[in-house]
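The block underneath contains the structure these notes are about, expressed in structure tokens.
Laboratory data are not the source of any read-out in this text; all were calculated from the coordinates shown. Please read all numbers here as calculations on a predicted model, not as lab measurements. Quick reminder, even Gly has a Cβ in these numbers, built from the backbone with ideal geometry, and neighbours come from all protein chains shown.
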Amino acid sequence: MNDTVSNRIVNSVFQVLVDGSKQNYIGEKISQLEHSLQAAAQAREANADDETVLAALLHDIGQFATSADQKQMICDASELTELDPTATKTPGYNATISVGVTGHERIGAEYLRKLGFSEKVAQLVESHVPVKRYLTGKDNTYYDGLSGASKLSLKYQGGPFTPNQVKAFEQDPLFHLKIQVRKWDDAAKVVGLQVPDLESYRAMAVKHLMDQAVSVRSA
Ligand SMILES: [Fe+2]
């Protein structure tokens, strides 16, 4: 993959993120783009490798990437206000509310794989929902710290892992990194926080795609 093709792919991925952010962010108080940029900024500040930073940036891309399977998790808004009484102040609050796209983590990972992002990026993106199920299964206090929308979507995502599922998940070679991405995701909901913009990730994303193409050719 050359520079022009990589740039074109990055343009379209960034556009998906920007366009998607024009929708309300599933019961949260910041936009989806702000959320993604805050997650990526934390990864970059922690000196994470490029694949991890890109995964943090793109972890929710499946909320917007077009897919035949796309189905919103629609619930009664009263369920959300029960968990988060301030939710009535979120943009687009209505009698029913979407708390996200079912399987968005899988849709996002598949979308990124198809475009030529690495398996590690795809797996980190795919894991952010299983990690939520892991952490709620492992530690009761983790659930209490989730936003109302995140608590509500957990029900649609299969609920907390059982003790056996918790044990199995801990064997994953990317276990620690997957947990880390999820923690950045959870902390990336700060209203008004100033972080670097989307363009500041362009060179990293373009280089990543070009490197993948080289490693596929030489394999
Ligand atoms: Fe997220």
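Listed by chain and number, the aspartates and glutamates whose C-alpha is less than 19 Å from the C-alpha of Lys120, apart from same-chain residues fewer than 8 away, are Asp49, Asp50, Glu51, Asp60, Glu105, Glu110, Glu170, Asp172, Asp185, Asp211. Computed from phi, the 3J(HN,Hα) profile of the range 119-129 under the Karplus parametrisation 6.51, -1.76, 1.60 (θ = phi - 60°) reads 4, 5, 4, 4, 5, 5, 5, 5, 7, 5, 7 Hz, with x in place of Gly and Pro. Calculated on C-alpha atoms, the gyration radius of the range 114-191 divided by its Kirkwood radius gives an Rg/Rh of 0.98. In this structure, the residue pairs whose Cα-Cα separation is over 19 Å, taken from Lys183/Lys207; Lys132/Lys155; Lys155/Lys189; Lys29/Lys151; Lys132/Lys178; Lys138/Lys167, are Lys183/Lys207; Lys155/Lys189.
When a footprinting reagent is the concern and you count Cβ atoms within 10 Å, what order do Ile30, Ile61 take, fewest first? Could you put the intermediate results ahead of the total?
Working: Ile30 19, Ile61 24.
Ordered by Cβ neighbours within 10 Å, fewest first: Ile30, Ile61.
Rounded to the nearest Hz, the phi-derived 3J(HN,Hα) couplings of the range 143-154 under the Karplus curve 6.51 cos²θ - 1.76 cosθ + 1.60 (θ = phi - 60°) are 4, 4, x, 6, 5, x, 5, 5, 5, 5, 5, 4, where x marks glycine and proline.
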